[in-house]
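I have placed the structure first, in the form of C-alpha cells, so that the comments after it can refer back to it.
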Amino acid sequence: MIGFIVKRVLQAVFVVLAVTLLVSYAVRLTGDPAVMLSQGAGSVTEQDLQNIRAGLGLDRPFAVQYLSYMGGLLHGDFGRSFAGGTSVGRLIGDALPATLMLAFVSLALSILISVPLGIRAAVHKGKASDQAIRILSLVGLSFPNFWLALMLVLLLSITFPLLPPSGWDGPISLVMPALTMAIILSATNVRLVRTTMLETLSAQYIMVARSKGLKERVVLYKHALRNCAIPLITYMGLQFGGLIGGIVVIEKVFNWPGMGTLAFDAIASRDYPVLQGAVTVLALVIVVVNLLVDIAYGIVDPRIRTR
Amino acid sequence: MYSLKKTAAALSAALALGVLPVAGAQAAGTLTVAITQDAGSWDPIDTFVTWWGSVGSNIYDGLTMRGADMKLQPALATSWEFLDNNARIRFKLREGVKFHDGEPFDANAVKFTFDRLLGQEGAKGPQRSNYTSIDKVEVVDAHTVDFFMKRPDPVLLTKLAGYGAMIVPPKYIQEKGDAYFNEHPVGTGPFKFVDYKPKVSLTLARNDDYWGGKPKLDQVVYRFIAEPATQVAELQAGRVDIATVIPLNLVATIDKSANAHVVSTSGPVTIVVRFDTAHGITAKPEVRRALTMAVDRDAIIKQLLMGKAKPIASFQGDLSFGYDPALKPFPFNPAEAKKLLAAAGVKPGESIQLDVRGSDSQFREVAQAMAAYMQAVGVKVTIKPYETPVLINDIIPQGKTGAMWQNQWGGWTYDYDNTAYLMYHTGEKWNPYDKDAKLDAMLESQRNTYDVEERRKTLRAVAAYVADQALDLPMYALDTVVGVNKRVKDADIPGDIRFRFVNTSVE
C-alpha cells in the first residue's frame, strides 16, 4: 500500500511540474504583454517597449524566467501581477476559497437533487415518473451553462428580485451560481444514480432484504444506496476537473471573485504571472483530488493497487 | 418522496432569505459604478487601462483638466505661458491645495511627479512614452514651475489632463514606497481612497477640502464587473447606479425598466476598415473608393447599432481636434461602385478577405452586413476572425492581413494627430503597407508647431488626403452608452468616461 501511494504521489508531482512548464511556455506564445500594456498609449517606440519588457523581466531567456519562477514557487512566492504589481499569492489567496466553496456547494446541491430523483427513476423504471426524470435530465444536459446562468439571473434577480445577480454579498450570493452548476451536474448524476441503482436492485442481497420483510424505504436507503455510493463518489471525484472548468464560465457570468475570473482577466491582459499562478494552483487542486480518489479506491479495492 | 420534499424546502428557504439583503442595496449618499476592469495599480504611471481614468480622475488632478464637455480648462495650474520661443512653458500653480494626507501641493510636487515619470520608475511602465517631449521640470518658486521642452508638443496641455501626468505626493511616496502607493493612492482630487479589494471593488470617500468645492456624495464605490450582461442585470436590480458597458441590444430593455435609463454621448472610439494598399485589387485607389461607396453605413448604424453611432469621413469623431464637418463620407452608391470596379478591371465574383477581432460580436454583425453590400456589387468577402491580441500584435504589424481589416481606435487625447500619425506615417506599427512622402511631411509638420490654426488646417488636409486616397473605409464613431439609475442627479457622463462626481448626488 505504501509503495502504491508513493508511486501515485510521484506521478502527481510530475504532472504539476509538467503543467507549470507547459503553461509558462504557452502563455509566452500568446503575445507581448508590453504591447498589451501600452495599447493606445500614443506613440510608443521600440525603446519604450524594451524598457517595459526589461521592467517586467521579460528580456531574459525563457529558461531563466522559468527557473526563477520555479525558484519563487519553492518559497511560496508566485511573483507579481504585470498589471500593477499586486502579489499573485494574495490574488490567489482571495480567489481560491471562493472557487472551492462554490465547487463543494454545487457538488453537495447536485447530490441533494440527483440522488432522490435517480432512485425514484430506478424504482419506477419504465413508468411515467421515470420517463419524466429522464427527459428532464436530457433537457438539463442540453443547456449551455452560460445560457442557463443568464436565464436564472433574469428570473430570480430581475423579474422576481430575490437574489443578487452577481458578486459576493454574503452566503446568499452562493445560491444562484451553485444552483446553476448543480443543475448542470445533476443532469449527468441522475442518470448515473439511476443506472447503478438498477444494477444494485437486481442483486441478491436486496431480494434477501425484501424477503426479510424490511420496509421498502429501509431497503432503498440503507442497503441499496450504500452500495451505490462507492461508484458515485469515485465518479464525482473524477468529475471534479470538469466541475472546475465549468465553474470558470459560471464565475464569469456571476462576477464571482474566484480563480476563473482571475484566470480569464489574466488571459485578456497577457498577465503571465497571474495566469501561471492560477493554472498551477487549479492543476494542483485537481491533481490532489484525483490522488485522494485513487488512494481511497486503492484502500477500498485491493485489486486496483496492482494495476 | 420524503428527501425530495426536504430539498425543495431547503431551497425555498434559501430563496426566501434572499429577499432581505437585496432590498436596500443602495445606501444613501453612496454612488456605485460598475467598470469593466481592475487596473491593478492606482499609481498614475503604471497603467494604460482606460478604466483607470474612470477612477483616477476622481482621486487625482492634473495641471489641466477636461470638463464633461471635453473642453480643456485649468486645474492645479491656474495659467500658463510659452517662453523662449516655445522651448519653455511656465505654469502658475493653484495655492492652498493639499493632498489627501495633508501634504501641501506645490512646485516641488510637480517636479517630483515628472522626475519620477521620466526617470527609472516611469521607464518600467507604458505611460512615459506620452511625455518624452519634456526635457525637464524646474522649480521657479513654490507656486511656479518651468517645463523645458526637447521639442514642441502641441498635444501636451491635453496630456497633462490625464493618466501619467496626474500629480502625486512626494513625501508620501518616498516614505511608503511605490508598492504601497499602488494600493493606497493619495492625490488632490475630489474623493480620497478608503478601501481596495483587488478584482472586486474600490471605495472612495468625499474629500471635504477639495479645492473645486465640496462634493455632494459621501462615497463612490467602483465594482469591477467584466461581463456587460452582468452589469446590466446589476443596474436593473438597482444594485449599481452607473453601468458603463451596455450591449446595444439591451438599450431598449433598460429604457423600458422602471428605475434606469440610458445616457449616450459622443465617444472617442472610432472604427474603420483598413485596406491592403500594396497587394491585390485593393492596391488601386478606385477599387477602394468603389468598396467604400458599396456599403450603406447609415443603414448599418440605424439597424445594427440602434443609432448609437455617427457616420465618419475620417478616422476620428466630432470631438476630435482636426475634425472637419465639411468633409463628407463617400455617398452610398452601388451603381457607381459597380462602374468603378468594372473600369478598374475587377471581374464580378472576385474574392477578398476581411480580418476582424473575434471577440467583438457587435462588429461581427457589421462585417456580415458589409460583406452582403460588397457582394451586391460583385465582390465576394470572406470574414476571418482573429483573437484580438494576435490581430494587433502579429497580423497587422507584419503585413499579413487580408485585403481588408478592422481597425478600432480610441484616441484619449481627442486630437487627430495621435491617430493619424500612428496609422498613416511610414514605418509605424499600424501602417504595414503605405509609404507616402507627401503624407509623412504633412504629419510631421503639424507636430512641430503650437499654432492651433495651422495645426487644424494641416490635420484637416491630412484627413481629406486620406479620404481621397481611400486608405481606409471610415465606418462610424461609437457613442459612449451608459446606463444610469434614475435616483442619480447631475451625473456628467464624459465621452471618455473619465468621471468627476463633484456635483453628482443620489436620492
Check your understanding: Based on what the data block shows, is residue B:16 assigned to a loop (DSSP other than H, G, I, E, B), at pLDDT below 95 and within 13 Å of another protein chain (Cβ to nearest Cβ)?
Key -> no
Check your understanding: Restricting the search to the range B:420-431, which residues are polar (S, T, N, Q) and at pLDDT below 90?
Key -> none
Exercise for review: Quick one: in the range B:87-134, of everything that is within 14 Å of another protein chain (Cβ to nearest Cβ) and of a type in the set (A, V, I, L, M, F, W, C), which residue is surrounded by the most Cβ atoms within 10 Å (Cβ to Cβ)?
Suggested key: B:117
Practice item. Take residue A:134 and decide whether it is free of Cβ contacts under 8 Å to residues at least 24 places away in the same chain, assigned to a helix (DSSP H, G or I) and more than 28 Å from residue A:285 (Cα to Cα). Key: no
Review point. Somewhere in the range B:175-189, is a residue surrounded by 17 or more Cβ atoms within 10 Å (Cβ to Cβ), more than 14 Å from chain A (Cβ to nearest Cβ), closer than 29 Å to residue A:36 by Cβ and among the hydrophobic types (A, V, I, L, M, F, W, C)?
Key: yes
Point to revise | residue B:289 vs. criteria farther than 26 Å from residue B:39 by Cβ, in a helix (DSSP H, G or I) and among the basic types (Lys, Arg) | key: yes
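Being free of Cβ contacts under 8 Å to residues at least 12 places away in the same chain and closer than 20 Å to residue B:78 by Cα: is that true of residue B:104 here? Give the derivation first.
On the way: free of Cβ contacts under 8 Å to residues at least 12 places away in the same chain: yes; closer than 20 Å to residue B:78 by Cα: yes.
Yes: the conditions hold for residue B:104.
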Review point. Where residues in the range A:143-164 are within 10 Å of chain B (Cβ to nearest Cβ) and over 14 Å from residue B:236 (Cβ atoms), which of them is surrounded by the most Cβ atoms within 10 Å (Cβ to Cβ)?
Key: A:149
Review point. Which of the residues spanning the range A:47-91 are closer than 21 Å to residue B:184 by Cβ and among the aliphatic types (A, V, I, L, M)?
Key: A:83, A:88, A:91
Exercise for review: Search the range A:165-189 for residues being more than 9 Å from chain B (Cβ to nearest Cβ) and not hydrophobic (A, V, I, L, M, F, W, C), and hand back the single one that is nearest to residue A:99 (Cα to Cα).
Suggested key: A:177
Revision key, fill the gap. Among the residues of the range A:85-129, the number that are of a type outside the set (Ser, Thr, Tyr), within 30 Å of residue B:44 (Cβ to Cβ) and without any contact (Cβ under 8 Å) to a residue 60 or more places away in the chain is 3
Practice item. Go through the residues of the range B:466-487 one by one and say whether even a single one is within 30 Å of residue B:371 (Cβ to Cβ), under 23 Å from the mean Cα position of the chain (by Cα) and hydroxyl-bearing (Ser, Thr, Tyr). Key: yes
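Residue check: is residue B:270 within 14 Å of chain A (Cβ to nearest Cβ), modelled with pLDDT under 95 and assigned to a strand (DSSP E or B)? Before the answer, list the steps.
Values: within 14 Å of chain A (Cβ to nearest Cβ): yes; modelled with pLDDT under 95: yes; assigned to a strand (DSSP E or B): yes.
Criteria met by residue B:270.
Can you pull out every residue in the range B:198-249 that is more than 17 Å from residue B:35 (Cα to Cα) and within 14 Å of chain A (Cβ to nearest Cβ)?
Residues of the range B:198-249 more than 17 Å from residue B:35 (Cα to Cα): B:205-218, B:249.
Across the range B:198-249, the qualifying residue is only B:249.
Looking at A:22, A:17, A:58, A:37, which is the one that is modelled with pLDDT of 85 or more, buried (at least 16 other Cβ atoms within 10 Å of the Cβ) and hydrophobic (A, V, I, L, M, F, W, C)?
Details: A:22 fails: buried (at least 16 other Cβ atoms within 10 Å of the Cβ); A:17 fails: buried (at least 16 other Cβ atoms within 10 Å of the Cβ); A:37 fails: modelled with pLDDT of 85 or more.
After ruling out the rest, the residue left standing is A:58.
Look through B:372, B:403, B:337 and report the one residue that is of a type in the set (A, V, I, L, M, F, W, C), surrounded by fewer than 16 Cβ atoms within 10 Å (Cβ to Cβ) and at pLDDT 95 or above. It would help to see each step written out before you state the result.
Working: B:403 fails: surrounded by fewer than 16 Cβ atoms within 10 Å (Cβ to Cβ); B:337 fails: surrounded by fewer than 16 Cβ atoms within 10 Å (Cβ to Cβ).
Only one candidate qualifies: B:372.
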Study note, to complete from the structure: When (1) closer than 26 Å to residue A:78 by Cβ; (2) in a helix (DSSP H, G or I); (3) of a type outside the set (D, E, K, R) are applied to residue A:257, the one that fails is (2)
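Can residue A:297 be described as surrounded by fewer than 21 Cβ atoms within 10 Å (Cβ to Cβ) and among the hydroxyl-bearing types (Ser, Thr, Tyr)? Even if it seems obvious, please write down each step before you answer.
Numbers: surrounded by fewer than 21 Cβ atoms within 10 Å (Cβ to Cβ): yes; among the hydroxyl-bearing types (Ser, Thr, Tyr): yes.
It is true that residue A:297 is surrounded by fewer than 21 Cβ atoms within 10 Å (Cβ to Cβ) and among the hydroxyl-bearing types (Ser, Thr, Tyr).
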Check your understanding: What helices (runs of 4 or more DSSP H) completely inside the range B:389-507 contain at least 1 residues that are over 20 Å from residue B:271 (Cβ atoms)?
Key -> B:437-445, B:452-469
Practice item. Quick one: count up the residues across the range B:283-299 that are buried (at least 21 other Cβ atoms within 10 Å of the Cβ) and in contact with a Phe, Trp or Tyr (Cβ under 9 Å, 6 or more places away or on another chain). Key: 9
Review point. In this structure, is residue B:482 buried (at least 20 other Cβ atoms within 10 Å of the Cβ), touching a helix residue (DSSP H, G or I) at 6+ places or on another chain (Cβ under 9 Å), away from every other protein chain (no Cβ under 14 Å) and among the hydrophobic types (A, V, I, L, M, F, W, C)?
Key: no
Review point. Within the range B:317-329, is even one residue modelled with pLDDT under 95, part of a strand (DSSP E or B) and not charged (D, E, K, R)?
Key: yes
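Taking helices (runs of 4 or more DSSP H) that fall entirely within the range A:21-127, which contain at least 2 residues that are among the basic types (Lys, Arg) and within 12 Å of chain B (Cβ to nearest Cβ)?
On the way: elements: A:33-38, A:46-56, A:62-74, A:88-123.
Counting at least 2 such residues, we get A:88-123.
The values are calculated or read from the model by the stated rules, or taken from the named source; none is laboratory data. In this text, all values refer to a predicted model and were calculated from it rather than measured experimentally. Because the Cβ atoms are built from the backbone with ideal geometry, glycine has one as well, and the counts that use them run over all protein chains shown.
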